[in-house]
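Remarks on the structure that follows.
Values quoted throughout were computed directly from the atomic coordinates according to the rules given, and no laboratory measurement underlies them. Quick caveat, the model's predicted, so the values are computed rather than measured. Methodologically, a virtual Cβ is constructed for each residue, glycine included, from the backbone with ideal geometry; neighbour enumeration extends over all protein chains shown.
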Amino acid sequence: MNSGIFYGDAERVLKTLPPGIVQCCVTSPLYWGLRDYSVAGQFGLEATPEEYIARMVAVFREVWPALRDDGTVWLNLGDSYARDPKKGVKFEAGERTYMQNRQATEGNRGPQVPAGLKSKDLCMIPARVALALQADGWWLRSDIIWSKPNPMPESCTDRPTTAHEHVFLLSKRPRYFYDADAIREEAGPIKTAGKNNNCDHPHTPDPRKKQDTLGKNTYTGFNARWADSPSVGRNKRTVWEIATAPYPGAHFATFPPALVEPCILAGTSPRACEICGAPWKRVVEKSGGTTGRSWHDHSEDIQKGQSQSVGGLGAIGTKAGNPYRRNETGWQPTCSCDNEGKGRCLVLDPFAGSGTTGEVALKHGRDYLLIELNRDYEKLIRGRLGLFYAGAEVAMVN
């Protein structure tokens, strides 16, 4: 299936999709109890967290068949607070009220404080949704913290300003496609004794053993041994510091492209089978070091009898070692089809908003499938996708 844009209810549209066509789903549904977009059927206006969570589970139950068995879901969610309806229901920053249509028809100032919660309680909606999806069969693989250096200002004076949201990584199977090399981070200096920020495999200092005498308690020796292997880097961590990035013309909070990018890069491949859509995987040769052990102190990275220095290691009069290396040698298919890898992975966003997911997918040579309830966002999506929009399928599903 090529790129496409569908306007309508996400659950209904998803039911119409062929099975197993999506490689990766990256999305940010409307958060519970924060905004009213005056569109019938929108998410976030449910009377209780339980209703909201039930709708979320129902939608992702329809994502399941459309997603390949080796695919992943990256779900961004923020939280909200229980508020006394007598005080009105607003953003914590006091930006604007929500549920205006319900207020007009029901004559109240918002929903009651949910059962089990008190006014001003943090509702823990992201955690509740994640646990509900886990209970519904999804593998919950990671809870990523989106740390915002420029969060929305808040007027509250009795708690810290909220400066983070969650991105949950979910899968259908315990094994799935994940391109860790596509989002590897540059290895940073070690600042904490006994901790190794460079190691991309399990590493826990063994208290029963003497630490690496080259680097003492700071593992500088370990860093030096890797100094000539810039391709190694380290695994992506679970805290991503990414600034918010409003999109011109959008009155609502939008995905920053920098948040979507690592999700798509890790969850899809730049090459895919043109027959079945299976992603191709990198071929990486690993050598050196002491990888593959449940615990290791890296002292064996140094081989006796070697004299050449590695990085700054020679400066402290130490024999050179056996640095850990990673060399990318190409790509190979993950399916048995006779294919050349000329296909394109398909990225799904069932709550497309302004179309950020589609924009990032196109930037990296992936196809997109966007679903949006509000047809008023069509102009924003057109602007975001530019000339590529003309070649996409556009449909309205009632």
For segment 116-158, convex hull volume per residue from C-alpha positions, Å³: 102 Å³
How many nm is it between the label spots at Thr157 and Ala58, if each spot is 7 Å from the Cα in line with the beta carbon? 4.4 nm
Under a 5 Å amide H to amide H cut-off, with H placed in plane at 1.01 Å, what residues pair with Ser142 once short-range neighbours are removed? Leu169
Based on other C-beta atoms within 10 Å, arrange Thr48, Thr357, Thr72 from fewest to most. Thr48, Thr72, Thr357
If I stretch the segment between Glu328 and Asn2 completely, what's the gain in nm (0.36 nm per residue apart, minus their alpha carbon distance), one decimal? 114.4 nm
Kindly provide the GluC sites (Glu not before Pro) of segment 339-373 that DSSP labels as loop, not H, G, I, E or B, and whose Cβ sees at most 13 other Cβ atoms within 10 Å. Glu340
Please state the shape class of segment 1-85: rounded when a/c is under 1.5, otherwise prolate if a/b exceeds b/c and oblate if not, all from the C-alpha gyration tensor. prolate
In what order do Asp338, Asp143 fall by count of nearby beta-carbon atoms within 10 Å, going from fewest to most? Asp338, Asp143
Give me the number: length gained by fully extending Ala135 to Arg237, i.e. 0.36 nm times residue separation minus the C-alpha to C-alpha distance, one decimal in nm. 34.2 nm
